[in-house]
1. Take each of the peptides B:73-86, B:54-67, average the number of other beta-carbon atoms within 10 Å over its residues, and list them starting from the highest.
2. For an R0 of 51 angstrom, estimate the FRET efficiency from the Cβ-Cβ distance between A:Arg258 and B:Asp117 and round to the nearest 0.05.
3. Average partner chain C-beta neighbours within 10 Å, per residue of A:185-191?
4. Which ordering of A:Leu48, A:Leu151 is given by a fewest-first count of other beta-carbon atoms within 10 Å?
5. What value, in deg cm²/dmol to 500, does the helix sum -39500 (n - 2.57) over DSSP H runs of n ≥ 4 give at 222 nm once divided by the residues of chain A?
6. Pop the C-beta distance of B:Ala147 and B:Glu29 into the FRET formula with R0 = 22 Å and round what comes out to the nearest 0.05.
7. Does segment A:3-260 classify as rounded, prolate or oblate by the C-alpha gyration tensor (a ≥ b ≥ c root eigenvalues; a/c under 1.5 gives rounded; else a/b over b/c gives prolate, otherwise oblate)?
8. Can you work out ³J(HN,Hα) from phi for every residue in segment A:102-117, in order, using Karplus 6.51 cos²θ - 1.76 cosθ + 1.60 and θ = phi - 60°, giving whole Hz and x for Gly and Pro?
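Laboratory data are not the source of any read-out in this text; all were calculated from the coordinates shown. In this text the structure is predicted, and so the values were computed from the model without any measurement. Please note: Cβ atoms are built from the backbone with ideal geometry, for glycine as well, and neighbour counts cover all protein chains shown.
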Amino acid sequence: MNEIESIIAKHAAVERVVPGEIVEVTVDFVMTNDATTALNISIFEDTLEGDTIWDNEKLIMVMDHYTPSNTVAAANTHKIMRDFAKKQAVKYVYDGVGICHQVMLEEHIMPGQLIIGADSHTCSYGAIGALSTGMGSTDIAVSWLDGKTWLKVPETIKIILDGKASNGVYSKDITLKVISDLTAKGATYKAIVFEGEAVSAMSIAERMTLCNMVIEAGGKFAYIKPDEKVKQYLNSRGRNDAFELDVCEGGQYERIIRYDISNLEPQIACPHFVDNICGISEVLGLEMDEFFIGACTNGRYEDLKVAADILKGKKIAPQTRLIVTPASREIYKQAARDGLLEIFMDSGAMICNPGCSTCFGATEGLLGDGERLLTTANRNFIGRVGSKDSYIYLASPAVVAVSAITGKITDPREVL
Amino acid sequence: MSQKAIKFGDNIDTDQIIGSQHLSLPNIEEMSVYTFEHHPRFAADFVKGDAVVGEENFGCGSSREQAPAVLKALGVSAVIAKSFARIFFRNAINLGLPLIECPEADRITHLDVLVIDQAQGKIINQTKGESYAIVPMTGFLKEVLEAGGIAPYKKMKRDEAKHSHPSF
Ligand code: SF4
């Protein structure tokens, strides 16, 4: 069995599993957020006639998409969540603490776990060696009955990333390149294992970016084998439990794709599909109205640091706006301590409270008709951030920061 | 029973089916008003019982179950596509919204009149005088769909367990 299959087998309490097989698994956590929890609750209580949830320490609820509530409807959604959490004595409820995936990674996830979440980017936890995937409300509500769900064991694609990224090229660029080659449906129903020297060289934050976007190729799980860096990350977060560095001999892969990323240039995803990707040289000089640094893709400290280093002492272009939203309160505090927030403010940026912010397109930073946004988020679908006649471009924090200064798409290698 | 095809292309994402601004509305009925809001021909041409037809990767993007739920609430009889995104597929089956995988879905054009013959495993396009094979659904997923979704399926299983007596 490969890495994916062995984690699934462990959670299905069977010797082995094979791709295509449907198994019932016990999950370690179920995560839900405010975009869908009210629906989960009504399915649990009304349709399933559920009574008490299976484990009040394993259901984790996060308010991040509409936080602080921006409409009466959102406030009522939050109220439904809070009332339910109280009634069920849910131990972990996070409100305004950060984006659900960031909070899960900071506070809860351990390698080898299996987690389901009511959000498609749940696949991010593969960055520290856990299997995690997004599901819809009914699946989630059903799992609250007994902590179990069904899974079809996926086939696995192995992606080996060789080489060393050149200056100004980041994990986001590598991720976009991989998505562009796989296409938006290339990994549908499949798991992706990343390995290679470029992956080993990545920080945990960069690995999170890589795993986060696997869903943009339709993927079910992303996975990076945990190493020393993962151990250090967990220790720094106060999680000292031992975990197994699993050895999987003789695993089978549906295909193995190899990249040498040494000559990769910064990548941009153009409207309106995530796999509509080109090298930055093809879109240089394209004018933008708004810039966003944040989201579960690239709202981490390392991302803010790259952006702040570029923006230090500079001003954003006139008639544009830059929104910076740290992915969690932890990151916000660190960025404040280290003077990053001051750099952003001096450059003319608006800083928002931790959460999904402009990525979700329901609270702040919406676009007007015909406007263009350059963002570090993961989706550029039509109307995702406001007007259906707006245009969204995805890029790394470095590209967004340097472009905010000029007001148009600019290559960060020019300044780094 | 025949139905009209409301036709879309590749990569119809869940944001297009129901935009994120509307997810905090209190119920599916209120949300369903905004189904495919940026595709005016849906509102213009869809009547209850019609089929929604896409091409590759229908339902990609977010995990929001509200996407298949609004389609079901509006009375979409089936969603036909060449391929479906994983989470959408799961959500639709769980809700009991029939999904039909049809490799030739791109031959169907907007407003074609279709007859879906599950027993024979085909779709008859009455407008074009053509017929297309569909990928049959089997095993666990078929059972769930036949039960009307995962909730009734789970309930059925729970009841079965309650009523099965030990044999001594
Ligand atoms: S930051 Fe964006 S992609 Fe991530 S969970 Fe929030 S809305 Fe979804």
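1. Descending packing order for the listed peptides: B:54-67, B:73-86.
2. Numbers: r = 46 Å, r/R0 = 0.90.
Rounded to the nearest 0.05, the efficiency is 0.65.
3. Details: counts 11, 1, 1, 9, 6, 1, 0.
Counting other chains' Cβ atoms within 10 Å and averaging over A:185-191 gives 4.
4. Numbers: A:Leu48 20, A:Leu151 23.
Final ranking by Cβ density, sparse to dense: A:Leu48, A:Leu151.
5. Calculated mean residue ellipticity at 222 nm is -8500 deg cm²/dmol.
6. Working: r = 24 Å, r/R0 = 1.07.
Once the sixth-power term is evaluated, E becomes 0.40.
7. Details: a/c = 1.78, a/b = 1.47, b/c = 1.21.
Verdict is prolate for segment A:3-260.
8. These are the phi-based 3J(HN,Hα) values: 5, 5, 4, 5, 5, 10, 10, 6, 10, x, x, 7, 10, 10, 10, x Hz.
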